[in-house]
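A short worksheet on the structure shown next.
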Amino acid sequence: MTAVLDEPGAAPARRDRRWSAPPRPVWEEKPTPAGAAGKGLVLVLACLAILFPLWIVVVTSLSSRGTIDEAGGLVMVPRDITFVAYEELLSGGQVTRAAVISVLVTLVGTLFSMTVSVLCAYGLSRSGSLGHRWFLLMLLATMFFSAGLIPTYLLVQTLGLTDSYLALILPSAVSVFNILVLRGFFMGISQELIDSARIDGAGDFRILWQIVMPLSRAVLAVITLFYAVGYWSAWFNASLYLNDQDMMPLQNVMIQLVQKQEAPVGLGQAIKTGELSGLAVQMAVMVMALLPVAVLSPFVQKHFRKGMLTGAVKG
Amino acid sequence: MSHSTVPRSRPEADTTAKTPVPSADATGGGKRRAKGERSIGVRFRRDRVLILMTLPALALVLLFNYVPILGNVVAFQEYDPYISENGVVSIVNSPFVGLENFERIFADSAFWNAVRNTLVLFFLQLVLFFPIPVLLALLINSVVRPRVRAVAQAVLYLPHFFSWVLVIAVFQQLFGGAGIFSQLLREHGYDGLDVMTDPNTFAFLITAQSVWKDAGWGIIVFLAALSSVSPDLYEAAAMDGANRWRRMWHVTLPALRPVIALLLVLRVGDALTVGFEQILLQRDAVGPGASEVLDTFVWWNGVRNQDFGYAAAAGLVKGVVSLGLVLAANKVAHLMGEQGVYKK
């Protein structure tokens with residue numbers, strides 16, 4: 001009521017409901033102005049602490065050499081926007097190759113992980129099936145121990161996966177946690193629905209593909225994001241199992257360029273002669289690493305709680 | 001499809017299922033049970049497709065989670081990686097040395113330094129990190145405008161999806177020797193400072209990075225718990241004269257208690273694992289004195305120094321102590337009347 005009275009000119013029906021507060025229950029006291037301001041301030045500060053560093057990185061990556069020199073380093077206020085750093089990085093060479101490798105490993109790995117995980121989660125979701133409790137126990141037990149870095153390293157070496165992209169995918173392909181979240185969701189699907197499909201002659205693969213998966217879009221989106229981010233962000237296995245520098249994915253190249261401040265192969269000359277700012281190149285690499293994640297994750301966000309609620313909280 | 005006519009659901013079959021399948025409850029399970037268990041052969045014929053579906057994932061888990069356990073025998077060996085490319089051949093041909101590796105570890109001051117650093121980081125994160133998601137969740141939960149809430153959540157969740165490489169690079173741009181902070185200090189006539197290479201403040205730096213990356217994501221579990229609190233409870237409390245703080249204390253916090261307990265149990269059980277990738281990336285910049293933790297100790301001795309037996313022994317010590325911690329933490333949770341990770 002108060003919200004409408006505050007703005008007599010605005011027709012109530014035309015107000016955007018999503019921005020305005022829902023009606024306050026009668027028993028709830030009005031927030032004090034100080035309380036509301038304090039809450040807003042904390043929230044804004046928390047968001048700024050996350051967004052401000054990203055702003056600097058993006059703006060610097062888009063700045064010319066002159067602007068960067070003038071600012072004495074990182075740029076906070078954009079002056080002249082130029083994409084020269086991106087053009088240089090994406091015109092072939094080390095960073096282009098690393099980005100392509102990262103995209104391919106992420107796509108192939110995510111597809112593989114999702115296939116294996118969804119099949120396993122469905123296979124374990126029909127209660128009463130033969131052996132499913134033993135299989136489940138075998139998965140759950142892995143959450144209590146880890147075999148250790150050295151034995152895993154020796155295993156990957158023995159399997160002959162060293163210097164192969166399989167070493168970036170297979171050892172981390174299955175996440176028990178993700179399987180359990182998927183399984184929790186699949187178990188919530190009504191048994192009558194599945195039984196009636198079975199009576200109509202559908203096999204388990206068909207039931208999974210045509211009934212269970214379409215009903216589980218939310219959790220499938222969340223788990224796909226989890227796997228994809230895992231592959232995109234991974235660098236340790238590449239540093240451990242790949243020896244050839246030309247095979248390295250984007251994250252490992254970022255370690256060299258940004259952390260160790262090396263010039264990207266092939267661009268060193270352009271930076272030395274002053275055409276290109278080394279700092280802008282570094283920031284551009286960082287933007288390339290964060291952009292896919294920053295663009296995709298908000299779309300999946302609305303499913304997080306639905307997906308997490310069923311499986312994660314209750315383990 | 002003959003096997004498809006045999007019903008799978010038995011009410012007593014799956015106690016781990018949190019959401020009982022409705023039809024399983026509806027059909028009287030007692031009668032079917034009186035007929036006795038079906039033979040394994042019939043059940044296998046009926047469920048073979050389901051078993052087939054689970055196999056690829058189970059095979060991967062078996063290969064990469066269980067098989068390497070056997071590799072821990074190198075902890076009792078003077079393992080020579082140069083015997084063969086094949087680890088099994090090397091293990092078979094390496095001499096056993098009994099507990100020598102463990103004796104060396106317990107006499108190694110670098111190991112105890114790693115233990116100390118690990119525990120310092122664990123406690124620091126427990127005190128400085130753990131409460132923040134709870135407070136943030138209470139704050140977000142009190143925001144009633146849906147759009148404001150969604151935007152705030154989107155921003156707060158974002159860094160969780162960044163890689164550690166990126167997070168550390170971002171911190172370098174803020175607090176490194178050439179970072180924005182030093183830049184501002186120098187512009188105003190002060191000396192710049194480089195937090196990224198300072199061993200004295202390293203533990204706080206690690207904690208700050210963890211908070212920046214994951215504190216926002218941490219609220220998700222608490223928000224889920226908060227959304228399941230019935231509004232009737234708040235109304236009843238308000239009718240009885242409880243103001244907003246009393247309602248938070250007597251309604252909201254009890255609702256969060258099981259989740260907080262569960263997360264504490266998980267954290268304590270995982271106490272010896274403190275951000276391996278995050279610390280490894282900064283080990284060179286800060287030096288091992290301040291940054292070596294148990295996981296990086298294993299990495300340094302095994303992968304870098306090729307002293308596999310020694311590193312595996314250190315990893316085994318960590319693994320066994322961790323397993324003990326997980327089980328103990330669960331025990332404590334059960335004693336406190338909470339559910340813990342697994343049921344009693």
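The values are calculated or read from the model by the stated rules, or taken from the named source; none is laboratory data. Because the structure is a prediction, the values reported are computed rather than measured. Cβ atoms come from the backbone with ideal geometry, glycine included; neighbour counts cover every protein chain shown.
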Residues that are of a type in the set (A, V, I, L, M, F, W, C), closer than 18 Å to A:Leu140 by Cα and at pLDDT below 85, drawn from region B:318-344
B:Val341
Among the numbered criteria (1) exposed (fewer than 14 other Cβ atoms within 10 Å of the Cβ); (2) within 27 Å of the chain's Cα centre (by Cα), which one does A:Ser233 miss?
(1)
When region B:110-150 is examined, which residues are found to be over 17 Å from B:Thr201 (Cβ atoms) and of a type in the set (S, T, N, Q)?
B:Asn113, B:Thr118, B:Asn141, B:Ser142
Tell me, yes or no, whether region A:170-189 has at least one residue that is part of a helix (DSSP H, G or I) and within 19 Å of B:Val298 (Cβ to Cβ).
yes
Of the residues in region A:63-107, those that are assigned to a helix (DSSP H, G or I), more than 15 Å from A:Val265 (Cα to Cα) and of a type in the set (A, V, I, L, M, F, W, C) come to A:Ile68, A:Ala71, A:Val84, A:Val100, A:Ile101, A:Val103, A:Leu104, A:Val105, A:Leu107
For region B:129-180: of the residues being crowded, with 17+ Cβ neighbours inside 10 Å and aromatic (Phe, Trp, Tyr), which is nearest to A:Gly72 (Cα to Cα)?
B:Phe175
Applying the selection to region A:215-224, what residues are within 14 Å of A:Leu119 (Cα to Cα) and without any contact (Cβ under 8 Å) to a residue 40 or more places away in the chain?
A:Ser216
Consider only pairs whose beta carbons are under 7 Å apart and that are at least six residues apart or on different chains; among these, list those whose first residue lies in region B:314-328 and is farther than 23 Å from B:Arg104 by Cβ and in contact (Cβ under 8 Å) with a residue 24 or more places away in the chain and whose second residue is surrounded by 16 or more Cβ atoms within 10 Å (Cβ to Cβ) and not small (Gly, Ala, Ser).
B:Leu325/B:Val268
Would region B:17-35 turn up any residue that is surrounded by 14 or more Cβ atoms within 10 Å (Cβ to Cβ), modelled with pLDDT of 90 or more and facing another protein chain (nearest Cβ under 8 Å)?
no
So for region B:193-202 (the condition being within 12 Å of another protein chain (Cβ to nearest Cβ) and outside any loop (DSSP other than H, G, I, E, B)), does at least one residue qualify?
yes
Any residue at all in region B:54-69 that's touching a residue at least 60 places away in the same chain (Cβ under 8 Å), surrounded by 18 or more Cβ atoms within 10 Å (Cβ to Cβ), within 30 Å of B:Asn301 (Cα to Cα) and not aromatic (Phe, Trp, Tyr)?
no
Verdict on A:Arg97 being among the basic types (Lys, Arg) and at pLDDT below 90:
no
Looking at (1) surrounded by 15 or more Cβ atoms within 10 Å (Cβ to Cβ); (2) within 8 Å of another protein chain (Cβ to nearest Cβ), can you tell me which one B:Glu85 breaks?
(1)
Can A:Ser125 be described as hydroxyl-bearing (Ser, Thr, Tyr), touching a residue at least 40 places away in the same chain (Cβ under 8 Å) and surrounded by 22 or more Cβ atoms within 10 Å (Cβ to Cβ)?
yes
If you go through region A:115-127, how many residues are farther than 9 Å from B:Ala57 by Cβ, touching a Leu at 6+ places or on another chain (Cβ under 9 Å), facing chain B (nearest Cβ under 7 Å) and hydroxyl-bearing (Ser, Thr, Tyr)?
1
Reported set for region A:219-251 where residues are polar (S, T, N, Q) and under 16 Å from A:Leu290 (Cβ atoms) is A:Ser233, A:Gln251
Long-range neighbours under 9 Å by Cβ, at least six apart or interchain, first residue within 11 Å of another protein chain (Cβ to nearest Cβ) and in contact (Cβ under 8 Å) with a residue 24 or more places away in the chain within region B:270-285, second assigned to a loop (DSSP other than H, G, I, E, B) and of a type in the set (S, T, N, Q):
B:Thr273/A:Ser146; B:Glu277/B:Ser163
Those residues of region A:203-220 which are out of contact with any Phe, Trp or Tyr (no Cβ under 8 Å at 6 or more places or on another chain) and not in a helix (DSSP H, G or I), in sequence order:
A:Gly203
Within region A:128-152, the residues that are more than 7 Å from chain B (Cβ to nearest Cβ) and touching a residue at least 12 places away in the same chain (Cβ under 8 Å) are A:Leu140, A:Met143
B:Arg116 - would you say it is of a type in the set (D, E, K, R), free of Cβ contacts under 8 Å to residues at least 24 places away in the same chain, over 29 Å from B:Ser291 (Cβ atoms) and more than 7 Å from every other protein chain (Cβ to nearest Cβ)?
no
Among the residues of region B:36-82, how many are aliphatic (A, V, I, L, M), facing chain A (nearest Cβ under 8 Å) and farther than 30 Å from B:Leu323 by Cβ?
5
Just name the residue that is surrounded by the most Cβ atoms within 10 Å (Cβ to Cβ) out of those in region A:185-198 that are within 19 Å of B:Arg45 (Cβ to Cβ) and facing another protein chain (nearest Cβ under 8 Å).
A:Arg198
Restricting to region B:285-333, name every residue that is in contact with an Asp or Glu (Cβ under 6 Å, 6 or more places away or on another chain) and under 30 Å from A:Gln261 (Cβ atoms).
B:Asn301
Here are some residues: A:Gln256, A:Gln269, A:Gln261. Which one is more than 13 Å from chain B (Cβ to nearest Cβ) and at pLDDT below 90?
A:Gln269
Tally, over region B:226-243, of residues that are in a loop (DSSP other than H, G, I, E, B), out of contact with any His (no Cβ under 9 Å at 6 or more places or on another chain) and within 12 Å of another protein chain (Cβ to nearest Cβ)
4
In region A:191-206, how many are within 17 Å of A:Leu124 (Cβ to Cβ) and over 29 Å from the mean Cα position of the chain (by Cα)?
3
Looking at the structure I just gave you, is B:Arg149 among the charged types (D, E, K, R) and at pLDDT below 85?
no
